[in-house]
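Before any comments, here is the structure.
The values are calculated or read from the model by the stated rules, or taken from the named source; none is laboratory data. A quick note: this is a predicted structure, and the numbers were derived from the prediction, not measured. Neighbour counts run over all protein chains shown; Cβ positions are idealised from the backbone, glycine included. Areas reflect the complete protein model, heavy atoms only, side chains present, ligands, DNA and RNA absent. Shrake-Rupley method; radii C 1.70, N 1.55, O 1.52, S 1.80 Å.
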Amino acid sequence: MNKYKNVFSPITIKGVEFKNRIQVAPMVPCMATPEGWVTKELIEFYRPFAKGGAAIVTLGDSAVNWTHAMDHEGQLNLGNDNVKMGLDDIADEIQRYGAVISVELNHGGRFSNSINLASKGLKPVSSTPKPAEIDEFFSKLQGKPPAEVEEMSIPLINQTVNDYAEAAGRCKDSGFKMVMIHGAHGMLPGQFLSPYVNKRVDRYGGSFENRARFCIELLEAVRRRVGENFIIEYRISADELVDGGMHIEEVIRFVKMIKDKIDILHVSVGMLPNPFTIQRMIQPLYIPYMPNIHFAEEIKKAVGNDLYVTAVGSVMTLENAEEILSRGLVDFVAMARPFVADPEFMRKAALGKLEDVRPCVRCNTCCGRSAFFKKTRCAVNPINGREIEYRGGKITKAEVKKKVVIVGGGPAGMQAALTAVERGHEVILYEKEDKLGGTLRHATDLAFKQDLKNYLEWIVVQTQKCGAAIRLNTEVTADIIKQDKADALIIAVGATPFIPNVPGIDKSNVHWAGDVDCGRVEVGQKVVVIGGGLTGAESALALAMQGKEVTMVEMQGPEALLNGASLINRFSLQSLLAEQRVKIVTNTKLEEVTDSGIKTINSKFQWKEIQADTIVLALGMRARRDKVAELRHVIPETEVYVIGDCKQIGNVFAAVHAGFDTAVEI
């Protein structure tokens, strides 16, 4: 306990005790009904976080009305009294574990769901008719204009202020003791406050005081509705990270204006409507841990004890949280993705079981899915989003114990082994190399892939101690499977790098990306990376960060670049490649490797030579179908399962879920 004495220091605000200083930051699980009501699925999504030890569990991004505020499907509708029955249920289930439940009240404004609004004959509304940049970005790709945004009238402003107040009131009526007002990330309150968006010329625009007026009226209305003995948390972007937007000095000035109207200030950064600031809000693995904490600390210094302050942003471990809190400059630390990856991480850390904490890899699969209105899922936690099926993170024992033989010790095979053992089976896991990990080992060598390396180390340790018999340095044959008398066979033999058959491909300066990434081979100053998918882009970025002159060549069009990355990580990687001046050539095919570089031909049948000292191949993988064919008929075919890259080339998400989904049914 002493190791985390600041984390586990209780605090009482307005008579509400918080048992520690950890908040579950708002997330977007997309699990409400189409009408915006609470579902059992939503309750079970949040329950493990409360059970796992969080002091505050915040339901994310909930619309204050069902007219203009909604910004994604599966969102809670706080604009109707019918929501209160479900809110009451979820409040009971969260609070039974000693956690305080909260909810993020939001209005998307210009970021609202334009497709949904159009179906109702409406348009997004904001302080000013300025489309969201992310809408402009995708509309340009689709060759169409972005959705029009309407300037809010004074009556609509007044109605919206009332909507926030009534939404907060419904939460209080349902047993909530606090709410969060989402004024960060370019949501509607920020769209009034920010000079980047707000170009009004009436009493809600122009001067700083006028731009702050909507937020102040909103907070005053909420306070009147919920009373003084109710906690209001306000979420703010300390820096919007765009030219002409709000920056820390002006934000501090605003915070001082509202400090008597709120109790807790939750400090983030960025603007969700602007795709290239998202990487600072929801950091991918390329961004260091805790990049925004200094903003929260700077604001806390400015307001002192007048406000409690919460820090957020890639706080990935309880050690990170303790480090932040030990400085005494913030009062709470908010975390989201660590809870998704392992809802029990707080308890495991407190009990000294750090090696059992399943780490988040910051691939942002969970967040990226919500952009396409899909229910949340986690790449490394196959139970996340399916808590109803596997209550408490547990799976049921099999009715009949079987001998399960797994061929291949990559992520799919290891997850299958973990799950099959948990089902109560006898498991034998074969791996042809001298260690577990498969091709995932090649994906963890780059310096900015530490999150993935942490996961690899975790799953190897868990597999080694789960009880499965592990046989390394073994190339499995049909005879071995027969000798084992397997009841079920899982083939997870992976894939090998694809090497194109072009002249010069066997030259000494041509290397596979995996060998380059791990430093096994030397690389010259001028480098051409063949392949613009995720692997090629990450290799190109790493080489450029070493000072190399890098050109990335992709056979397909720009839409194929960075394939394999989640939406958020794609924006980040795109920005970093531009920052490192990586030259990108699309619609261009490798035809020949020469002594001085490569020869290419583009989609217009134009030939071009590119000078290079080193050629790096990142053209994907080929499934080991020959090995699958050798093994799949050894036992009755109905008991044979082919998973992972040897079935279809995928990523960590695909591998882990294939391993789990297969073994959980045996």
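If each residue of separation counts as 0.36 nm, what is the full-extension length gain between residue 5 and residue 482 once their alpha-carbon separation is subtracted?
Computed gain between residue 5 and residue 482 is 166.2 nm.
Give me a comma-separated list of calculated 3J(HN,Hα) values for segment 416-431, in order, Karplus coefficients 6.51, -1.76, 1.60 applied at θ = phi - 60°, integers in Hz, x for any Gly or Pro.
So the Karplus estimates, Gly and Pro as x, are 4, 5, 4, 6, 5, 5, 5, 6, x, 7, 7, 10, 10, 10, 9, 9 Hz.
Quick check for you: with a 1.4 Å probe and neighbouring chains kept, what is the accessible area per residue of the chain, in Å²?
Result: 40 Å² of accessible area for each residue.
Which far-off residues, 5 or more places away or on another chain, put their amide H under 5 Å from the one on residue 433, with H placed in the peptide plane?
For residue 433, the qualifying residues are 473, 474.
Heavy-atom accessible area of residue 442 with all protein chains present, probe 1.4 Å, nearest 10 Å²?
It works out to around 60 Å².
Please determine, in degrees from 0 to 90 and to the nearest 10, the orientation of helix 84-95 with respect to the longest principal axis defined by the Cα atoms of the chain, where the helix direction is its Cα long axis.
Long axis of 84-95 versus the principal axis of the chain: about 70 degrees.
Would you please put 577-588, 426-437, 17-28 in order of how densely packed they are, using the mean number of other Cβ atoms within 10 angstrom per residue and starting with the highest?
Most protected by this proxy first, the peptides run 17-28, 426-437, 577-588.
Hey, what angle do you get for helix 293-303 against the long axis of the chain, alpha-carbon based, 0 to 90 degrees rounded to 10?
Once rounded, one gets 10 degrees.
Multiply the residue gap between residue 259 and residue 154 by 0.36 nm, knock off their C-alpha separation, and tell me the result in nm, one decimal place.
35.2 nm
With a 1.4 Å probe and all protein chains kept in place, how much accessible area does residue 5 have, in Å² rounded to the nearest 10?
Roll a 1.4 Å probe over it and residue 5 shows about 130 Å².
What whole-number distance in Å separates the alpha-carbon centres of segment 564-593 and segment 94-128?
34
Would you mind telling me the antiparallel percentage of the DSSP bridges in segment 523-666, rounded to 5?
50
With a sphere of radius 9 Å drawn around the Cβ of residue 403, what net charge do the other residues whose Cβ falls strictly inside it have (Lys, Arg +1; Asp, Glu -1)?
Counting the neighbours of residue 403, the net charge comes to 0.
Below 10 angstrom from the Cβ of residue 32, what's the summed charge of the other residues (Lys, Arg +1; Asp, Glu -1)?
-3
From largest accessible area down, sort 607, 512; use a 1.4 Å probe on the protein chains.
607, 512
With the contact rule set at Cα under 8 Å and sequence spacing of 6 or more, what percent relative contact order holds for the chain?
11
Beyond 25 Å between alpha-carbons counts as too far, so tell me which of 435/627; 401/627; 3/394; 375/402; 14/261; 449/608 fall in that bin.
From the list (435/627; 401/627; 3/394; 375/402; 14/261; 449/608), the Cα-Cα distance tops 25 Å for 401/627; 3/394; 375/402; 449/608.
In segment 295-380, which chymotrypsin sites (Phe, Trp or Tyr not before Pro) fall in coil by DSSP and have 13 or fewer other Cβ atoms within 10 Å?
Sparse-neighbourhood loop chymotrypsin sites (Phe, Trp or Tyr not before Pro): 372.
How about segment 484-551: which GluC sites (Glu not before Pro) there are in a DSSP loop, with at most 11 other Cβ atoms within 10 Å of their Cβ?
When the GluC sites (Glu not before Pro) of segment 484-551 are filtered for loop state and at most 11 Cβ neighbours within 10 Å, 522 remain.
Sorted by accessible area with a 1.4 angstrom probe, largest first, how do 289, 164 fall?
Most to least solvent-accessible, the answer reads 289, 164.
Below 8 Å, C-alpha to C-alpha, sequence gap of six or more: please give me the relative contact order for segment 271-376 in percent.
21
By how many degrees, 0 to 90 and rounded to 10, does the Cα axis of helix 133-142 deviate from the longest principal axis of the chain?
40
Tally up the carbon and sulfur contribution to the accessible surface of the chain as a whole percent, 1.4 Å probe, everything protein left in place.
49
Suppose a student asked you for the relative contact order of segment 123-224, using Cα pairs under 8 Å spaced at least 6 residues apart; what percent would you report?
For segment 123-224, the relative contact order is 29 percent.
Could you list the residues of segment 491-505 with an amide nitrogen less than 20 Å from a label point located 7 Å from the Cα of residue 556 in the Cα-to-C-beta direction?
Counting backbone N atoms under 20 Å from the label point, the list is 495-501.
Counting only DSSP beta bridges with both residues in the chain, tell me the antiparallel percent, nearest 5.
20
Would you mind counting up the charge near residue 314? Only other residues with Cβ under 12 Å from its Cβ, with Lys and Arg at +1 and Asp and Glu at -1.
Counting the neighbours of residue 314, the net charge comes to +2.
Accessible area, 1.4 Å probe, largest first: how do 202, 81 sort?
81, 202
For residue 102, which sequence-distant residues (separation of 5 or more, or a different chain) have an amide H within less than 5 Å of its own amide H, given hydrogens modelled in the peptide plane?
57, 58, 59
Under a 5 Å amide H to amide H cut-off, with H placed in plane at 1.01 Å, what residues pair with residue 641 once short-range neighbours are removed?
489, 490, 491
Only bridges whose two residues both fall in segment 1-144 count here: according to DSSP, what percent of them are antiparallel, nearest 5?
Within segment 1-144, antiparallel bridges account for around 25 percent of the total.
What accessible surface, in Å², does a 1.4 Å probe find on residue 418, ignoring ligands, DNA and RNA and rounding to the nearest 10?
About 30 Å², ignoring ligands and nucleic acids.
How large is ³J(HN,Hα), in whole Hz, for each residue of segment 261-270 in order, when computed from phi with the Karplus curve 6.51 cos²θ - 1.76 cosθ + 1.60 and θ = phi - 60°, using x for Gly and Pro?
After applying 6.51 cos²θ - 1.76 cosθ + 1.60, I find 10, 10, 10, 10, 10, 9, 9, 10, 8, x Hz.
Step through the residues of segment 324-330 one at a time and calculate ³J(HN,Hα) from phi using the Karplus curve (6.51 cos²θ - 1.76 cosθ + 1.60, θ = phi - 60°), rounding each to whole Hz and writing x for Gly and Pro.
These are the phi-based 3J(HN,Hα) values: 5, 5, 5, 6, x, 10, 9 Hz.
Full extension from residue 506 to residue 326: what is 0.36 nm times the residue separation minus their Cα-Cα distance, to one decimal in nm?
Net length gain for the segment: 59.2 nm.
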